[in-house]
Amino acid sequence: MSDAPAHLEAEHTGLAHQFEDLEQQQESDFLGIWLFLVTEIMFFGGLFAAYAIYRWLYFAAFEGGSHILDIRLGAANTVVLLGSSLTMALSVRSAQTGNRRALVYFLIATMILGGVFLGVKAYEYNQKFVEHIVPGLDWAPEGEVLAHLAPGGLQHAQLYFFFYFAMTGLHAIHMVIGMGLLLWLVIRGRKGAFTPHYFAPVEVVGLYWHFVDIVWIFLFPLLYLIGGRY
Amino acid sequence: MSTATLEPRVHAPRNYLNADYGWKSWLFTLDHKRIALLYLVSITFFFIIGGSFAVLMRIQLVDPQGAIVQPETYNKLFTLHGVVMIFFFLIPSIPAVLGNFLVPLMVGARDLAFPKLNLLSWYIYIVGGLFTLYSAIAGGVDTGWTFYTPYSSTYSNTQVTAVAIGVFITGFSSILTGLNFIVTIHKMRAPGLTWFRMPLFLWATYATSIIMVLGTPVLAITIFLLALEHLFHVGIFSPALGGDPLLFQHLFWFYSHPAVYIMILPAMGVVSEIIACFARKRIFGYKIVAFSSVAIAVLGFLVWGHHMFVTGQSVYAGIIFSLLSFLVAIPSAIKVFNWTATLYKGSISFDAPMLYAMGFIGLFTMGGLTGLFLASLATDVHLNGTYFVVAHFHYIMVGGAVMGYLGGIHFWWPKISGRKYPNGWAALAAAIIFIGFNLTFFPQFVLGYLGMPRRYAFYPAEFQVLNVMSSAGATVLGVGYLIPLIYLFWSMRYGPIAEPNPWGATGLEWKTPSPPPTENFTEIPVVTEEAYAYAEEEAGHE
């Protein structure tokens, strides 16, 4: 490994014992998170593959199910999440430039936007219970909802809503974990743990947050925008 | 737990074993060597559990009518044997024990890149193991280790959810271990240790880690869907409700076929180290052997459909999967030929690790060649679902992976424990295991060819002789496994003290004291030579 610049040696902040210098540690952290994101892609990939097969088999049911969802809420949440990616990117930037105040503010802004997303999601989930379209737990669609779902077959519509809950649920769990990580960054960031030479944790959490965003960018069209609704 | 007996001698120099005492120093350790020992103790525990299920199965099959248990219980025995042995013994065996211990030592680093993640992965493994043990105690599970739907999701009323949670959780332990190894090998190699100077064990571990990182998440999501289906019956794998049970098989084997290579690749890495050391020669065709590990990892992802030739899979998919399966034989054969070529004109000594390595080559070759019968579409129709399959994968997993694991344990035991074991006993155990193994599983090839189906609690009377042979062999095999357990324990207190490099082997792990200090190396080593530079010591003999 190359010798660390003198200022890194002197500072010695956050260098774990197994590494020779901060540069090696930072490279390892970044490779580690990218590998982790690869595993996440494979994890969601299995689910997306299953979704693709059933959507192809039962397109009418998936189209009908999609039309039950409130596209405005989905679109609003997309905007909220994209905004949170911006504030996350600004947090990383603030950590790199050593602006501790901005770092904490942007992290908190990211958390607020994440919270808004989860709030909207919770409202949407609640709607599904109200409309009795929760597969396995409360599946008894009626009235207008039934009229939407019946043409594609109720059984197959239930599969659509299973994927809806499984995919957005897994995504929401990732959001909650991300919120926990952000809180941890806020606590450490307030104490001044991150410097222009040691900001890998912020960048690592940032990459994770962007990944979770990207998953939603795929989920929104796949779940909300099936078929010609307009 | 064996932690108490690991306390070393009083006047020893400071090393990772005597650096600290007490249960906290073990359960909260971040030292990769101590975590390796935590894994060693836990996987030995699960090996004994999984082995006991096998013992009961072999007793049952002595009598054509079934000697001791009802068919329902027998179904649970083979299921739990498979689940425990695959997910809780074989997959973590060499990576989590020897890999954990050796990867940082071999790359010349002070620890893995992420020590906390490493400890976390052990705890994840234990939590997954507890779920599985709970499922065994709370009534067992009878689906077979493959959890085929819709039986597992709709019809089985056994502990499917608990065991699914156990397997799901343990998968993350495997993912984190693989991730840790890849980052460590990429970023923490000592100065001068280029990729093509790395020991082949590192190449094998690297290839294995790729599979762990890419494959295991797919198993996780599959098992997750299975658990949801079992709980809520929404129909994702249930044909009655519009679901496709073959989708489960595709997703399951997408991981579980590569998982075979998670088990065998590290053993191949171990064998490369042992063969080079005890033939005193550089591995013949080092680069090809290194690349063949990666080739097996990549090709391994493209062959899963050969488990599904007799399902509803399309004929054309079957043809392609058959062809691709044959391709995996090429890098596997390259390894066998190159090990053999390494032996040629080597100065060979038959210490215990070498006996295991030789056993590995023979048994793996048998297992690999019989795999080709199963990769051929026509013969597979006859052999699928018979004992031929059981014999084939036990030749790979027990004859291959477990032999490799035991060979590795014997090779690095002086480094791990700082003590030597009695070589005579070790050689005897290796011989008993080899004989017992063949006596157990060779008759099963014949049984399968004659048409005896697997997973039945009883069988036609004309198969009894071969079944009794197999059960007798299992007894011999059991004795063979018991002997190392005894003398390795014994050696921890009474064995002669091991010098840093008892085998005269190359490799950075032998350049530090036995057992190594907590920080591995007092000074980070600089590598100036190729791996396996045995020829230089004995120049002139070549």
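Numbers at a glance
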item	result
Enumeration of residues in segment A:18-55 that are part of a loop (DSSP other than H, G, I, E, B) and crowded, with 18+ Cβ neighbours inside 10 Å	A:18, A:19, A:20
Contacts under 6 angstrom Cβ, first residue in segment B:13-32 being of a type in the set (S, T, N, Q), partner surrounded by fewer than 14 Cβ atoms within 10 Å (Cβ to Cβ), 6 or more apart	B:18/B:12
Helices (runs of 4 or more DSSP H) contained entirely in segment A:56-167, each with at least 1 residues that are surrounded by 14 or more Cβ atoms within 10 Å (Cβ to Cβ), at pLDDT below 95 and hydrophobic (A, V, I, L, M, F, W, C)	A:59-68, A:71-97, A:143-149
Residue in segment B:162-210 that is nearest to the other protein chains (Cβ to nearest Cβ), counting only those that are under 23 Å from residue B:292 (Cβ atoms) and outside any helix (DSSP H, G or I)	B:189
Restricting segment B:230-241 to residues that are assigned to a loop (DSSP other than H, G, I, E, B) and over 13 Å from residue A:50 (Cα atoms), the residue that is farthest from the other protein chains (Cβ to nearest Cβ)	B:238
Any hit, segment B:221-228, residues being crowded, with 22+ Cβ neighbours inside 10 Å, at negative phi, touching a Leu at 6+ places or on another chain (Cβ under 6 Å) and free of Cβ contacts under 8 Å to residues at least 40 places away in the same chain	yes
Looking only at segment B:149-161, and only at residues there that are out of contact with any helix residue (DSSP H, G or I) (no Cβ under 8 Å at 6 or more places or on another chain) and part of a helix (DSSP H, G or I), the one that is farthest from the other protein chains (Cβ to nearest Cβ)	B:151
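Quick grid of which residues meet (1) in a helix (DSSP H, G or I); (2) in contact with a helix residue (DSSP H, G or I) (Cβ under 9 Å, 6 or more places away or on another chain); (3) crowded, with 24+ Cβ neighbours inside 10 Å:
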residue: B:357; (1), (2), (3): yes, yes, yes
residue: B:371; (1), (2), (3): yes, yes, no
residue: B:378; (1), (2), (3): yes, no, no
residue: B:402; (1), (2), (3): yes, yes, yes
residue: B:406; (1), (2), (3): yes, yes, yes
residue: B:411; (1), (2), (3): yes, yes, yes
residue: B:432; (1), (2), (3): yes, yes, no
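The values are calculated or read from the model by the stated rules, or taken from the named source; none is laboratory data. Being a predicted model, the structure only gives us computed values, none of them experimental. When we count neighbours, we look across all protein chains shown, and the Cβ atoms used for this are built from the backbone with ideal geometry, even at glycine.
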